[in-house]
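Undergrad: Got a structure for you, questions after.
The values are calculated or read from the model by the stated rules, or taken from the named source; none is laboratory data. Worth saying up front: this structure is predicted, and the values here are computed from it rather than measured. Counting neighbours? That spans all protein chains shown, and the Cβs are built from the backbone with ideal geometry, glycine included.
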Amino acid sequence: MNNIPLQYESLKAVLQYIDANVRFKISQRLPSIRITEKIVPLRVHSLHLDKYSTTVNGTVYRLGIYREYNLGETVPKSVQNYNDYGGYNFDLDEYGFTITSTQFELAPADILIGEPNNLVPARSDTIHQERDRQRELRLAEKALLVRTTHEKVELSIFEQADFYMKYYMKIPIETLKYDVENARFALLSFECRRFNLKLPYTCYLQLTAQNGEEKRIQRFPYSMKLYEATKHLNDVLFKGRRWPILVEKFQFPIQIETRDEDDFQFSLIRNAKKLIICSPSPEIDILPSLKALLNKEVVLFYTGSEITAEEYFGFVQEWLIGDKPIGTSFSFGIEKEEPAKELLQIIESRVENVKITERFVSICINNDSRLEVLYIPIKDSRNAKEEGLMYNRKWFLEIRIVQH
């Protein structure tokens, strides 16, 4: 039977019901239908954008720096581990040092995913770092010799008291060998820089597309920064489409850097079902910005200035006379219990029809809903897993609208 190609209208109809990842493959392999694929609405069940990866319907498109060693060179285990994962997740300079700061060039419509300094390691190319790596290597090699040779090797008093030596004398031998190899690998970059030598490996940009056990890998010359490659990847997948992308479940990193009140008006922020705010800029008057938010759930982990009980009561008053829908909640990480305790006392003295117990008040709004205010230790809250973002916060205060 002869294969009959799909006609234009038939192709458009079929593409609408094909999984997004399959459409990406078809578009890549068949340039002739690329324009048609772009004009057909794209439906995505789940979309997760991260700093250097994009996940579509469970398929992860991850970018990293792959280091391919020259023939005959031994690949350190730490490098092999990164290569197996999909590549190193920070940019590298010509000597193999991690680049700790990158100038992000954003177009007017671009969004920076994650903060520029988020999870950026400390500089590894300073003279102090070199001396530390030399000391670690010297002690690790000495510890390895002591633990693996039959000959008697003496440790000096200073070596016996050294923190690293105590550590190296206790850890498993394989871990100690790994640490020796890592220290040598770190010092290689200093040697190459000092004598202007070439590294024993070549860096490539690697794109890994993975769904479960299935994995596809493509490597490209390392001619752009990771953030530029990520932007290019998302442009290839999503840019130039005639219709909005229809996403059922959209996940975005919790850190969006805000500089002023206007940032809270950005549609991605206003339309988020759950908005998490951590350490907003001190230039922002946070309370008016919070009161103007229409998100279903808002969490403020930390702010440089403490919010008073009277200011919290302002939220309660507005919510009692407003039309917040059932399920709306605002939560605040607080350092001391006193403002929360005082808030409950203010509510009890100024509001009618209040039911109060320890750390909890309930206020009837109408026949359908009531407003609840409560505070609990952070460890007992729904957001306990994000406790690390709360700095020195000890308590979690929540204001919410629930069904009567």
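Undergrad: Output the number of residues of the range 64-81 satisfying the condition of being surrounded by 17 or more Cβ atoms within 10 Å (Cβ to Cβ) and either in contact with a strand residue (DSSP E or B) (Cβ under 6 Å, 6 or more places away or on another chain) or among the acidic types (Asp, Glu) (or both). I'd like the intermediate steps shown before the answer.
TA: Restricting attention to the range 64-81, the residues satisfying the condition of being surrounded by 17 or more Cβ atoms within 10 Å (Cβ to Cβ) are 64-67, 76, 79.
Remaining after also requiring either in contact with a strand residue (DSSP E or B) (Cβ under 6 Å, 6 or more places away or on another chain) or among the acidic types (Asp, Glu) (or both): 64-67, 79.
So the count comes out to 5.
Undergrad: Still on this structure: Can you give me the ranges of the helices (runs of 4 or more DSSP H) entirely in the range 137-216 with at least 3 residues that are basic (Lys, Arg), within 24 Å of Gly87 (Cα to Cα) and touching a residue at least 24 places away in the same chain (Cβ under 8 Å)? Before you say what the answer is, go through the steps one by one.
TA: Numbers: elements: 157-161, 163-168, 173-195.
Of the helices (runs of 4 or more DSSP H) lying wholly inside the range 137-216, those with at least 3 residues that are basic (Lys, Arg), within 24 Å of Gly87 (Cα to Cα) and touching a residue at least 24 places away in the same chain (Cβ under 8 Å) span 173-195.
Undergrad: Say whether the condition of being closer than 15 Å to Asn211 by Cα, in contact (Cβ under 8 Å) with a residue 12 or more places away in the chain and not in a strand (DSSP E or B) is met by at least one residue in the range 8-19. Full working, then the answer.
TA: Of the residues in the range 8-19, the ones closer than 15 Å to Asn211 by Cα are 19.
Going one step further and asking which of them are in contact (Cβ under 8 Å) with a residue 12 or more places away in the chain, we end up with 19.
From what is left, the residues that are not in a strand (DSSP E or B) are 19.
Checked the range 8-19: at least one residue is closer than 15 Å to Asn211 by Cα, in contact (Cβ under 8 Å) with a residue 12 or more places away in the chain and not in a strand (DSSP E or B).
Undergrad: For the subset of the range 239-293 comprising residues that are of a type in the set (Lys, Arg) and assigned to a helix (DSSP H, G or I), which member is modelled with the lowest pLDDT?
TA: Initially, the range 239-293 is screened for residues of a type in the set (Lys, Arg), giving 239, 241-242, 249, 259, 270, 273-274, 291.
From what is left, the residues that are assigned to a helix (DSSP H, G or I) are 270, 291.
Details: Arg270: 79, Lys291: 84.
Looking at residues that are of a type in the set (Lys, Arg) and assigned to a helix (DSSP H, G or I), I get Arg270.
Undergrad: Still on this model: Out of curiosity, is Ser78 more than 29 Å from the chain's Cα centre (by Cα) and in a helix (DSSP H, G or I)?
TA: Numbers: more than 29 Å from the chain's Cα centre (by Cα): no; in a helix (DSSP H, G or I): yes.
In short, no.
Undergrad: Can you name the residue in the range 3-25 that is modelled with pLDDT under 90 and β-branched (Val, Ile, Thr) and is also surrounded by the most Cβ atoms within 10 Å (Cβ to Cβ) among such residues? Walk me through it before giving the result.
TA: Step one: list which residues in the range 3-25 are modelled with pLDDT under 90, which gives 3-17.
Narrowing further to those that are β-branched (Val, Ile, Thr): 4, 14.
On the way: Ile4: 6, Val14: 11.
That would be Val14.
Undergrad: Can you name the residue in the range 318-357 that is assigned to a loop (DSSP other than H, G, I, E, B) and among the β-branched types (Val, Ile, Thr) and is also nearest to Leu287 (Cα to Cα) among such residues?
TA: So in the range 318-357, the residues assigned to a loop (DSSP other than H, G, I, E, B) come out as 322-328, 335-337, 351-353.
Among the residues that remain, those that are also among the β-branched types (Val, Ile, Thr) are: 326, 328, 351.
Working: Ile326: 22, Thr328: 17, Val351: 22 Å.
Once the filter is applied, the top-ranked residue is Thr328.
Undergrad: Surrounded by fewer than 11 Cβ atoms within 10 Å (Cβ to Cβ) and touching a strand residue (DSSP E or B) at 6+ places or on another chain (Cβ under 8 Å) - does that describe any residue in the range 220-227?
TA: yes
Undergrad: Any idea which residue in the range 179-215 is nearest to the chain's Cα centre (by Cα), counting only those that are of a type in the set (Lys, Arg) and modelled with pLDDT of 95 or more? Walk me through it before giving the result.
TA: Filtering the range 179-215 for residues of a type in the set (Lys, Arg) gives 184, 193-194, 198, 215.
Applying the additional criterion that residues be modelled with pLDDT of 95 or more yields 184, 193-194, 198.
Working: Arg184: 31, Arg193: 32, Arg194: 35, Lys198: 33 Å.
Among them, the one singled out is Arg184.
Undergrad: While we're here: Say whether the condition of being modelled with pLDDT of 90 or more, over 17 Å from Phe313 (Cβ atoms) and touching a strand residue (DSSP E or B) at 6+ places or on another chain (Cβ under 9 Å) is met by at least one residue in the range 383-400.
TA: Just the residues of the range 383-400 that are modelled with pLDDT of 90 or more, to begin with: 397-400.
Subset that is over 17 Å from Phe313 (Cβ atoms): none.
No, there is no match, as no residue in the range 383-400 is modelled with pLDDT of 90 or more, over 17 Å from Phe313 (Cβ atoms) and touching a strand residue (DSSP E or B) at 6+ places or on another chain (Cβ under 9 Å).
Undergrad: Exactly one condition in (1) farther than 30 Å from Glu130 by Cβ; (2) surrounded by 14 or more Cβ atoms within 10 Å (Cβ to Cβ); (3) aromatic (Phe, Trp, Tyr) is false for Trp243; which is it?
TA: (2)
Undergrad: Among the residues of the range 23-71, write down those that are assigned to a strand (DSSP E or B) and either more than 23 Å from Thr208 (Cβ to Cβ) or of a type in the set (A, V, I, L, M) (or both). Show your work before the answer.
TA: Going through the range 23-71, the residues assigned to a strand (DSSP E or B) turn out to be 43-49, 53-56, 59-69.
Across the range 23-71, the qualifying residues are Arg43, Val44, Leu47, Leu49, Val56, Val60, Leu63, Ile65.
Undergrad: If you scan the range 126-150, which residues turn out to be of a type in the set (Asp, Glu) and either in contact with a Cys (Cβ under 7 Å, 6 or more places away or on another chain) or closer than 10 Å to Val180 by Cβ (or both)?
TA: Within the range 126-150, Glu136, Glu141 meet the criteria.
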